[in-house]
Amino acid sequence: MKRLVVVGIVLVLAFTACSKDKNATAAGEDGKKDGTVVASVGDVKITDKDVDTILAQLPEQARARYETAEGKREFVSGLAEIKLMAMEAKKKGIDKTPDMKFKMEFMNDQMLAKGLAESAVKDIKITDEEISKYYADNKDKFSTGPRVKLRHILVPSEAEAKAILADLKKGGDFSKIAKEKSKCPSSQQGGDLGWVTKGSMVPEFEKAGFELKKGQMSGVVKTQYGYHILMCDDVEGVKQPSLAEAKPDIERQLKNERSESTVKALIDTVKKNNPVTYNEEYFKKAPAAAPQPEAPQGQPNQ
């Protein structure tokens, strides 16, 4: 069942390239070998090319799961299970029911629409000149920092904060005290907040944090959450990546933007050539606004 759930992500793509010829091995219509057979489901062959084609549709993070021998076996086994279930469903006539026919037609329409969009953007190229111009016009978008790496201890009272600060000045271990006394969830990590950038914390906390130098500890800092003591582990100034470093991100962004506009233009053209009419009476029957969920008892609406 686990494999079925995982592979179900790409169910609509499964077996689009698998051979259905009873006497086929892993060959195309021209008889040339088209991949290595990795599994057989009855007379249907699953090839390594089929697997690669389907895996390519997954997000990179999900795809990485199936790079190992064990992962590939799990994926191929999942494909085989889906095919077996599909074959059994056909035996029972499920593919002939009105509901299933509609779903299959809708999935087919989705795949055709996706294929049309992909064909429209497949030849889009971004030139080096375009990338250089974008970099020059948007340097601030690629800069990072300044930022500081902070730990902190949070307690509810000023008196407790002052007592802790006194212990720290005598040589107390910051991380140990944070784990024992801090009321922030970060206490489990010794108060570690990681890298903090401007605008990510409340003003009082941010001001104190960015005034610290590496290895320096603050005094007691009051915020709406309580009383803090901050420790600065590192400081970084503004970093500006070079054009070469920023190029992959710029190219990806420009290509995405151009692809989006290209597909939009395609849709507009198709709509112009094939006008869509709507039954306005159908829409009038629907509520003007979506109903708002009730707030939990004792909590005001946001």
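The values are calculated or read from the model by the stated rules, or taken from the named source; none is laboratory data. Source: prediction; values computed, not measured. Cβ sites come from the backbone with ideal geometry, for glycine too, and all protein chains shown count toward neighbours.
Okay, residues lined up against (1) surrounded by 12 or more Cβ atoms within 10 Å (Cβ to Cβ); (2) of a type in the set (Lys, Arg); (3) within 14 Å of residue 149 (Cα to Cα):
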position: 161; (1), (2), (3): yes, no, no
position: 176; (1), (2), (3): no, yes, no
position: 179; (1), (2), (3): yes, yes, no
position: 187; (1), (2), (3): yes, no, no
position: 201; (1), (2), (3): yes, no, yes
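For residue 74, indicate whether it is more than 30 Å from residue 262 (Cα to Cα), among the acidic types (Asp, Glu), modelled with pLDDT of 90 or more and not in a loop (DSSP other than H, G, I, E, B). When the stated conditions are applied, residue 74 passes them.
Can you tell me which of 241, 248 is closer than 30 Å to residue 133 by Cα and in contact with a Ser or Thr (Cβ under 8 Å, 6 or more places away or on another chain)?
241 is the lone residue from the list that is closer than 30 Å to residue 133 by Cα and in contact with a Ser or Thr (Cβ under 8 Å, 6 or more places away or on another chain).
Do you know which of the residues in the range 210-243 that are part of a strand (DSSP E or B) and at pLDDT below 95 is surrounded by the most Cβ atoms within 10 Å (Cβ to Cβ)? Taking the candidates together, the pick is 236.
Annotation note: of 86, 113, the sole residue that is over 30 Å from residue 264 (Cα atoms), in a helix (DSSP H, G or I) and not charged (D, E, K, R) is 86. Take the range 146-192 and flag every residue that is more than 36 Å from the chain's Cα centre (by Cα) and outside any helix (DSSP H, G or I). Hits for the range 146-192 are 156, 157, 170, 171, 172, 173. Assess whether residue 193 counts as being in contact (Cβ under 8 Å) with a residue 60 or more places away in the chain and in the same structural domain as residue 156 (by TED's automatic domain parsing). Judged against the criteria, residue 193 is not a match. For the range 195-209, which positions are at pLDDT 95 or above and small (Gly, Ala, Ser)? Hits for the range 195-209 are 208, 209. Condition first: without any contact (Cβ under 8 Å) to a residue 12 or more places away in the chain, part of a loop (DSSP other than H, G, I, E, B) and in the same structural domain as residue 174 (by TED's automatic domain parsing). Can you find one or more residues in the range 201-209 that meet it? Yes: the range 201-209 contains one or more residues that are without any contact (Cβ under 8 Å) to a residue 12 or more places away in the chain, part of a loop (DSSP other than H, G, I, E, B) and in the same structural domain as residue 174 (by TED's automatic domain parsing).
Name the residues in the range 55-104 that are aliphatic (A, V, I, L, M), within 17 Å of residue 40 (Cα to Cα) and surrounded by 14 or more Cβ atoms within 10 Å (Cβ to Cβ), would you? Before you say what the answer is, go through the steps one by one.
Step one: of the range 55-104, the residues aliphatic (A, V, I, L, M) are 55-56, 58, 62, 64, 69, 76, 79-80, 82, 84-87, 89, 94, 100, 104.
Those still in the list that are within 17 Å of residue 40 (Cα to Cα) too: 76, 79-80, 82, 84-87.
Correct list: 76, 79, 80, 82, 86.
Scanning the range 40-54 for residues that are in contact (Cβ under 8 Å) with a residue 40 or more places away in the chain, closer than 23 Å to residue 111 by Cβ and of a type outside the set (Ser, Thr, Tyr) returns 41, 54. Quick one: in the range 116-133, of everything that is in contact with a Lys or Arg (Cβ under 9 Å, 6 or more places away or on another chain) and either of a type in the set (Phe, Trp, Tyr) or not in a helix (DSSP H, G or I) (or both), which residue is surrounded by the fewest Cβ atoms within 10 Å (Cβ to Cβ)? Once the filter is applied, the top-ranked residue is 125.
Which one is farthest from residue 113 (Cα to Cα), of the residues in the range 267-284 that are outside any loop (DSSP other than H, G, I, E, B) and either β-branched (Val, Ile, Thr) or in contact with a Phe, Trp or Tyr (Cβ under 6 Å, 6 or more places away or on another chain) (or both)? Working first, answer last.
Restricting attention to the range 267-284, the residues satisfying the condition of being outside any loop (DSSP other than H, G, I, E, B) are 267-273, 280-284.
Right, trim to either β-branched (Val, Ile, Thr) or in contact with a Phe, Trp or Tyr (Cβ under 6 Å, 6 or more places away or on another chain) (or both) and you get 267, 269-270.
Working: 267: 10, 269: 14, 270: 11 Å.
Looking at residues that are outside any loop (DSSP other than H, G, I, E, B) and either β-branched (Val, Ile, Thr) or in contact with a Phe, Trp or Tyr (Cβ under 6 Å, 6 or more places away or on another chain) (or both), I get 269.
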